[in-house]
Amino acid sequence: MSSSEAFTELPSVAPQLRALRRRASLTLEAAAGAAGLSPAHLSRLETGQRQPSLPMLLALARIYGTTVSELLGETVAERDSVVRAADMEPTEAGGWTYVQAGAPGRGMQALRVRVPHGSQGDIVRVHPGEEWLYVLKGRLRLRLGDTTHRLGPGDSAHFDSLTPHRIAAQDPDGVELLFVHTLLQSPTATLCLGPTPGEMP
């Protein structure tokens, strides 16, 4: 994907990434290190030369003590307790499609996520906090530590995010999930992501 396409799809990501990093009083090197990226790669994200994947957005949101919505430049007049279906705009990042399923600015972030088959299943995540997911449609392969679980519709998982974990769609049609995770309040908290093929410099 060219830089011009990245600007077209997510025009506000690059300036927001830089502004929120500065608000968190983090240098480019410190933020990149916490996210498991090189400073050069983060710099390219901040200048719009590269488009971040959803796991990268989640990582940076946790590090900056904010939400993916704010990273994407989405704002609301006030924090409403109810999110209407008509107001849920799908966003695509790194092959995933996700919809905010909860109000922004809270201590938890709720998402409805669609994970295509073969998309980012090799990314191992390790970070402070908790995660809960519920399979709506399709079958999910969830690896927690050294154990692999296969979940179907109606199955859920709730785990400590410090346990190395990765998720992948088991079926060619992908999987749809409800996903809730805690947002870290400390902007210097550490989060590690495994490399994404083609994303790491």
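The numbers here are math on the coordinates, done by the rules we state, and not lab data. Since the model is a prediction, treat every value here as computed from it, not as a measurement. A quick note on method: Cβ atoms are made from the backbone with ideal geometry, for glycine too, and the neighbour counts reach across all protein chains shown.
Quick look at the values:
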{"quantity": "Spin-label pair TRP132/ALA40, simplified geometry with 7 Å Cα→Cβ offset, distance in nm", "calculated": "4.3 nm"}
{"quantity": "Computed label-point distance, nm, for sites PHE159 and ALA85 using a 7 Å Cα→Cβ extension", "calculated": "3.1 nm"}
{"quantity": "Placed amide H near ALA101: partners under 5 Å, 5+ positions off or other chain", "calculated": "ALA110, LEU111, ARG112"}
